[in-house]
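Enquirer: Structure incoming, see below.
Read-outs throughout are calculated quantities, based only on the coordinates presented, and are distinct from any laboratory measurement. Please read these numbers as outputs of a predicted model, since none were measured by experiment. For neighbour counting, all protein chains shown are included, and Cβ atoms are generated from backbone atoms with ideal geometry for every residue, glycine included.
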Protein chains: 2
Amino acid sequence: MPEKIAIEKKVLSENDKLAQELREKFTAHNIFVINLVSSPGSGKTSLLEKTLEKLHDKLSIALVAGDVQTENDADRLIRAGGKMVRPIVTGGSCHLDASMILKSIEQFDLETIDLFVIENVGNLVCPSSYDLGEDMKVVLISTAEGDDKPLKYPAMFRKSSVMVVNKTDLLGFSDFELHTVKENAKQINGQIDIIELSCRTGDGLPKWFDWLTEQVALKKNE
Amino acid sequence: MPEKIAIEKKVLSENDKLAQELREKFTAHNIFVINLVSSPGSGKTSLLEKTLEKLHDKLSIALVAGDVQTENDADRLIRAGGKMVRPIVTGGSCHLDASMILKSIEQFDLETIDLFVIENVGNLVCPSSYDLGEDMKVVLISTAEGDDKPLKYPAMFRKSSVMVVNKTDLLGFSDFELHTVKENAKQINGQIDIIELSCRTGDGLPKWFDWLTEQVALKKNE
């Protein structure tokens, strides 16, 4: 379908322009921006709940939560103490795009923000193609999924700077092997950093908090 | 982006025509066809491995396994005893479409098939829009995901005839509640049938095998 492909290229090229505009805005305010991606159910919202609970006194955190139909994720993040949380309901679209983020930041005073988190739609395919002006993509994977996911969805793992392995409390209850998922991720992306944690037990969360706090400080001093 | 929406409508309308062609072919040969959809990592391939091991002596089963980049799933299904298994590598596309299935069935003698299973790409959004000529969509969800998934991805659960809840062996290790996921699924689709099972322990699998065998028999006698 060449017509479809031509349109897709045009859409992506328009998105890239808006993403660049976003990146300049964020950088002008020294805001560290992550685009958090994963399958549905890997625990993006749980990780952000823990992050808000731990860090909202130390950092000024804004979040936008993308969802196909509901505002459930944004509601959870507000309950977890998020003061700057906005839902983006995509109305069926399988990913967020830069125009949605541009519209959402009109609701914030960028001057006051240290960390901007974009919780993407749960989907390991489509969000990999859409730059949202972020500093880094962070891909989350749960130990209840297969440890071959980096090989099966390579674009997402290639474009991510960090892989967070969540639900380490479930290791041993499935065939998921930590060393296998690490090898597979490194095979696709030799530069990817890996953080293992369990939102349920709290194991490994300090490493995530430290990493995030350090990235925010680095961006502040740029 | 009206141009993009117009193209999407055209693509879907072309897909619907091909899906109708597929449905007529399958029905002419009394083949029962399921389109199996889920998030990445819910256990589609595991369920099909168990199904092949149990039923391949009783039923003539053909499978096509859609994957974005690899043929891993098809390889696993062949190792599980599948004699008619073909990979479909979508090359980045986030879903299977009817033209891919039409091309894949050229490799089979439809006269010899009782059950045709389409393992879709792991994605709870995009595959809901593409009719593949199936009798039924079956949506798989794992207890390691959130029990609000039917509310968050309503199109998929609305279009599915059956929801299979996999990994019941992990119940109690997360906040997932069986009664909640059932209520949420029924709220979206009052007609949906629900089968609970664990591919790991085997609990509940007989119900799945019986249901599938019964559907094949019904289609044979149409």
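Enquirer: Given the rotation that superposes chain A on chain B, what residue of A brings its beta carbon nearest the axis, and what is the distance in Å?
Expert: A:ALA144, 2
Enquirer: Over all residues in A:170-183, what is the mean tally of Cβ atoms on other chains that come within 10 Å of each residue's Cβ?
Expert: Mean shielding count: 2.
Enquirer: While we're here: Over chain B, calculate the relative contact order: mean separation of alpha carbon pairs under 8 Å at least 6 apart, over the residue count, as a percent.
Expert: Once divided by the residue count of chain B, the mean separation gives 24 percent.
Enquirer: Then there is this: Of A:LYS10/B:LYS83; B:LYS54/B:LYS182; A:LYS182/B:LYS58, which pairs sit farther than 32 Å apart, going by alpha carbon to alpha carbon?
Expert: A:LYS10/B:LYS83; A:LYS182/B:LYS58
Enquirer: For all pairs of alpha-carbon atoms in the protein assembly as shown, what percent lies in each bin of width 20 Å, listed from the first bin to the last filled one?
Expert: Pair shares across the bins are 25, 57, 17, 1.
Enquirer: Semi-axes of the range A:2-220's equivalent ellipsoid from the Cα gyration tensor, sqrt of 5 times each eigenvalue, largest first, rounded to whole Å?
Expert: 25, 22, 16
Enquirer: Using the Kyte-Doolittle scale, which helices in chain B average at least 0.5 and also have C-alpha atoms spread 24 Å or more along the helix axis, with helices defined as whole DSSP H runs?
Expert: Helix filter hits for chain B: none.
Enquirer: Can you list, by residue number, the Cys in the protein assembly as shown that have no neighbouring cysteine C-beta under 4.7 Å?
Expert: Unpaired cysteines in the protein assembly as shown: A:CYS199, B:CYS199.
Enquirer: Something else: Hey, any idea what Rg/Rh is for the range A:33-159, computing Rh the Kirkwood way over Cα pairs?
Expert: Answer for the range A:33-159: 0.95.
Enquirer: Still on this structure, I have one more. Helix-only mean residue ellipticity at 222 nm, the protein assembly as shown, DSSP H runs n ≥ 4 weighted -39,500 (n - 2.57), per residue, nearest 500. What is it?
Expert: Calculated mean residue ellipticity at 222 nm is -12500 deg cm²/dmol.
Enquirer: Further question: For A:ILE5, A:ILE194, what ranking results if the residue with the fewest other Cβ atoms within 10 Å of its Cβ goes first?
Expert: Ascending Cβ contact count within 10 Å gives the list A:ILE5, A:ILE194.
Enquirer: To continue, here is another question. Mind listing which trypsin sites (Lys or Arg not before Pro) in the range A:52-83 are in a DSSP loop and have 15 or fewer other Cβ atoms within 10 Å?
Expert: Those that pass, being in a loop and sparsely packed, are A:LYS58, A:LYS83.
Enquirer: Let me check the size of the range A:23-65 from its C-alpha atoms; what are the radius of gyration and Dmax in Å?
Expert: Considering the range A:23-65 through its Cα atoms, Rg and Dmax are 12.2, 34 Å.
Enquirer: For the range B:1-105, what number results from the quotient of the Cα radius of gyration and 2.2 N^0.38 Å?
Expert: Ratio of Rg to 2.2 N^0.38 Å for the range B:1-105: 1.20.
Enquirer: Give me, ordered by chain and number, the residues 5 or more places off A:ASP203 or on other chains with an amide H under 5 Å from its own placed amide H.
Expert: Here the answer is A:SER198, since their amide H atoms fall under 5 Å of that of A:ASP203.
Enquirer: Averaged over all directions, how much area does the convex hull of the C-alpha atoms of the range A:105-160 cover when projected, in nm²?
Expert: If I average the Cα hull's projected area over directions, I get 4.9 nm².
Enquirer: List the GluC sites (Glu not before Pro) within the range B:39-115 that fall in a DSSP loop (any state other than H, G, I, E or B) and whose Cβ has at most 12 other Cβ atoms within 10 Å.
Expert: Answer by residue number: B:GLU106.
Enquirer: For peptide A:30-42, what's the mean number of Cβ atoms from other chains within 10 Å of each residue's Cβ?
Expert: Going residue by residue through A:30-42 and averaging, the value is 4.
Enquirer: Tell me, how many Å apart are the Cα centres for the range A:94-127 and for the range B:1-33?
Expert: A separation of 33 Å, based on Cα centres.
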